[in-house]
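Everything below concerns the one structure shown next.
The values are calculated or read from the model by the stated rules, or taken from the named source; none is laboratory data. None of the values given here were measured: they were computed from a predicted structure. All Cβ positions, glycine included, derive from the backbone under ideal geometry; neighbour counts span all protein chains shown.
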Amino acid sequence: MLAEAAIFLTAAVLAVPLSRRLGLGSVLGYLVAGAVIGPAGLGIVFNVNDILHFAEFGVVLLLFIIGLELQPRRLWLLRKAILGMGAAQVLITGAALAGAAMAMGVALRAAVVIGLTLALSSTAFALQNLAEKNQLTTRHGRVAFSILLFQDLAAIPLIAFVPLVGPRGPGPMGEDDLLKAGLTLGVLILLCVVGRYLLRYALRIVALAAIRELFTAMALLVVVAIALLMQSLGLSMALGAFLAGLLLADSEYRHALEADIEPFKGLLLGLFFISVGMSLNLGMIVGRPETVAALVAGLVAIKLAVLYGIGRTNGLGPSSARALAISISQGGEFAFVIFAVAAGTAVLDPADADLLKAVVTLSMATTPILAACEEAVMKRRLARQATPPEYDAPPEEQRQVIIAGFGRFGQIVARILRAKKIPFTALEISPDQVDFVRRFGNEVFYGDASRIDLLRAAKADQAAALVLAIDEPDASVRTAETVRENFPKLPIYARARNRNHAYRLMDAGVKVVWRETFLSSIDMARAVLQGLGVPDDEAASAVETFRRHDERRLYAHHGLHNDTQRMQDLAKAATKELEELFAADAAEHSRR
C-alpha cells in the first residue's frame, strides 16, 4: 500500500505541475499520470477497479462541500436553472446522441442508454476546473453547476432504468419492490430530520471537547455514514453527501466542516482522476484510432452545440455561452457505472462498453485543451481590437467583513454592520457562545479563526476587512500572524485587551488597534470631571489632551516594550510630560 501511495504521489507531483504550467489545468495532469502508470502504460499499478472504487469517495466529499456552500434558499433561487436548463440539456443532448448512435446501426434501446449516459458531464472534472479558474461564481459557472446538479439527480433513475431495457425486460413490481421503495423514502425523510436537528446537536457535543482531531473525525464520519446509507439503498453516495451538506449549510459548523474536509477531498479527487486515467484502454485506442477520434470529436461537438444554444437562449452572452459549453462538454464519471451495468445486463456488448468508456475518458482530456484554445483566441482578438469585447460581468456582490471573535465586542461591530446592510461572516471558537448567539438570530460560525484552512473557507482572500475581536491575547495574536502571513492585503482592525496586547498585535503587523476600555474610560473620566463642576470645554480639553498624549506614547514606545527598565523610565518621563501639558492647558483656560 505504501509503495502504491508513493507511486501515485510521484506521478501527481511530476505530471500536475507540468500540465498547469502548460495552461491545461491539474485534471489533465492527473489523467496523463494515471495513463502512464496504469496497466496499459508502464504497468506499474494493476488493481484499477479497487482504486477507482476507493477514489470515488473524493467525488462524495466534493458534493458534500458543494452542499455546504449552497444554502437551501440559494438552491431555491436556482430551481429554474436546475429544472429548466438541466432537463433541456440532458433531453436534447441525449436525443441527439441517441439519434447519432442509431444512424451508426445501434439498436434503439442501446442507443437510448448510450445517448442519455453520454449526455451526463463530469461533476468532479468540471467543478475542479471552474474552481481553479475562480469561475464558480460567474454567470456561466452558476449555470454549469445547475446543469451538473440536475445530471447528478438524473443519473440515479438512469442507473435503475438500464436493467429494465435488457433482454428480459421489466418484470412486474412485487411486494419487495414496493417495500424497498417505501423504505428508501422513509430513510430520506429521516435523513432530513437527523441532518437538520440531531446532527447539529452531535457536532456541538464534539466541538465542546475542543479537540481538533476529534471534530475532523466527526466530519468524516458524517460523510462516510451517509454515503454508506445511500449505497445500501442503491442510491448515489454523492447525492446523499450533497443532501447532507445542504442540510448543514445553515449551521454554525459549516466553515469548520468545510475546512476539515477540504484536504481529504483534494487528495481523493486527484486519486480519482489518476484511476480514471489508469482505466484507459490504450490498446483499443491504438488499434482503432480513427473510430475513437471520430467518436470523441462527435460527442464533444454535439455537447458544445447544445450547451451553447442553451446558454444563448437563457441570456448568456457569446463568451459566457462558449465558456459554459466548454466547461461541461466532456463525458461524466457516472458513465463508467452505467456502461458497466449495461454490459452486465446485455444491453451493450462488453467491447462496445469498453470503447465508450475510452471515449468518455478522452473527452475529459479535451476540456482543458479547448479552454486553453478559447483563451488564446480571446487574447488575440483583444490584441487586434481597439476596445475589448463585451463580457458577461458577474453580479456585483458586496465584499464581506470577517469578524473573528463574536463576544460583546464583536457583536456590537456586527450589529452596526447589519444596520448598514454590510455582509459579514462571524467566527467563534466557543460552542456555547455560538449556540447562545444563534438563539437570538445572529449568524455566527464555529471555528478557530487562526486556522488558515478555516479562513480560506470563510473566503478571507475576497474579504474587505477583518475585525479581530478575539478576547484571549494569545489566540488574537496567533490569528493576526496567520492573516498577515497568508492574506497580506486584508486590512485588520484589532481589539486589544491592554497595552501589552496592543504591542504584540503591532509586532504581528497590525496597524489599527483599539484598546477595548481606553475610549470608554476617558469618556467616563470626562463625565466625572463634569460632575465635579469642571466646565464642559475644560473637561473635554483635558480628556482630549490625555488621549492624544497616550496614543502618541503608545506608538512611540512600540519596539521598546520588552525592555522593562527602559519602559519604566519612559513612563516616568511621560507622566511628567503629561503634567506639564495639563498645567499649560489650565493656564490657557485661566487666561480666557
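Within region 443-467, restricting attention to residues that are among the charged types (D, E, K, R) and closer than 11 Å to Gln400 by Cα, which residue is surrounded by the most Cβ atoms within 10 Å (Cβ to Cβ)? Looking at the filtered set, the residue picked out is Lys459. In region 416-425, is there at least one residue being in contact (Cβ under 8 Å) with a residue 60 or more places away in the chain and either of a type in the set (A, V, I, L, M, F, W, C) or touching a Phe, Trp or Tyr at 6+ places or on another chain (Cβ under 9 Å) (or both)? Checked region 416-425: at least one residue is in contact (Cβ under 8 Å) with a residue 60 or more places away in the chain and either of a type in the set (A, V, I, L, M, F, W, C) or touching a Phe, Trp or Tyr at 6+ places or on another chain (Cβ under 9 Å) (or both). Counting only residues that are surrounded by fewer than 21 Cβ atoms within 10 Å (Cβ to Cβ) and under 24 Å from Gly283 (Cα atoms), how many does region 20-36 have? Counting residues in region 20-36 that are surrounded by fewer than 21 Cβ atoms within 10 Å (Cβ to Cβ) and under 24 Å from Gly283 (Cα atoms) gives 1. Within region 477-522, the set of residues being closer than 23 Å to Lys459 by Cβ and either charged (D, E, K, R) or not assigned by TED's automatic domain parsing to the domain that holds Val467 (or both) comprises Arg478, Glu481, Arg484, Glu485, Lys489, Arg495, Lys511. The set of residues from region 324-351 being crowded, with 24+ Cβ neighbours inside 10 Å, modelled with pLDDT under 90 and assigned to a helix (DSSP H, G or I) comprises Phe334, Ala335, Ile338, Phe339, Ala342. The set of residues in region 458-493 that are farther than 15 Å from Val513 by Cα, of a type in the set (S, T, N, Q) and more than 19 Å from the chain's Cα centre (by Cα) contains only Thr482.
Return yes or no: is Arg384 modelled with pLDDT of 75 or more and basic (Lys, Arg)? So Arg384 fails the test.
Each row is one residue, and each column tells you yes or no for (1) among the aromatic types (Phe, Trp, Tyr); (2) more than 22 Å from the chain's Cα centre (by Cα); (3) modelled with pLDDT of 75 or more.
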| position | (1), (2), (3) |
| --- | --- |
| Phe150 | yes, no, yes |
| Gly166 | no, yes, no |
| Pro170 | no, yes, no |
| Lys180 | no, yes, no |
| Leu191 | no, yes, no |
| Leu203 | no, no, yes |
| Val206 | no, yes, yes |
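Scanning region 316-369 for residues that are under 24 Å from the mean Cα position of the chain (by Cα) and hydroxyl-bearing (Ser, Thr, Tyr) yields Ser320, Ser327, Ser329, Thr367.
Matching residues to (1) under 26 Å from the mean Cα position of the chain (by Cα); (2) buried (at least 22 other Cβ atoms within 10 Å of the Cβ); (3) within 30 Å of Gln462 (Cβ to Cβ); (4) of a type in the set (Gly, Ala, Ser):
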position: Lys80; (1), (2), (3), (4): yes, no, yes, no
position: Gly86; (1), (2), (3), (4): yes, yes, yes, yes
position: Ala95; (1), (2), (3), (4): no, no, no, yes
position: Leu116; (1), (2), (3), (4): no, yes, no, no
position: Leu120; (1), (2), (3), (4): yes, yes, no, no
position: Leu127; (1), (2), (3), (4): yes, yes, yes, no
position: Glu132; (1), (2), (3), (4): yes, no, yes, no
position: His140; (1), (2), (3), (4): yes, yes, yes, no
position: Phe145; (1), (2), (3), (4): yes, yes, yes, no
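Contact map, region 318-334: residues that are without any contact (Cβ under 8 Å) to a residue 60 or more places away in the chain paired with residues that are of a type in the set (Ser, Thr, Tyr) and surrounded by fewer than 24 Cβ atoms within 10 Å (Cβ to Cβ), Cβ distance under 7 Å, separation 6+ or inter-chain. Pairs shown: Arg322/Tyr308; Ala325/Tyr308. Per the conditions (1) surrounded by fewer than 22 Cβ atoms within 10 Å (Cβ to Cβ); (2) over 21 Å from Asp50 (Cα atoms), the sole criterion not satisfied by Ala219 is (1). On inspection, Val513 passes the criterion of being of a type outside the set (Asp, Glu), outside any loop (DSSP other than H, G, I, E, B) and surrounded by 15 or more Cβ atoms within 10 Å (Cβ to Cβ).
If you go through region 529-544 and keep only what is loosely packed, with under 12 Cβ neighbours inside 10 Å and among the hydrophobic types (A, V, I, L, M, F, W, C), you end up with just Leu532. No other residue among Ala87, Ala107, Ala103 is of a type outside the set (Asp, Glu) and either farther than 22 Å from Phe336 by Cα or not assigned by TED's automatic domain parsing to the domain that holds Gly332 (or both) apart from Ala103.
Of all residues in region 17-64, those being over 20 Å from Leu2 (Cα atoms), under 22 Å from the mean Cα position of the chain (by Cα), part of a helix (DSSP H, G or I) and not assigned by TED's automatic domain parsing to the domain that holds Ile226 number 7. Scanning region 243-291 for residues that are acidic (Asp, Glu) and crowded, with 23+ Cβ neighbours inside 10 Å turns up Glu252, Glu258, Asp260.
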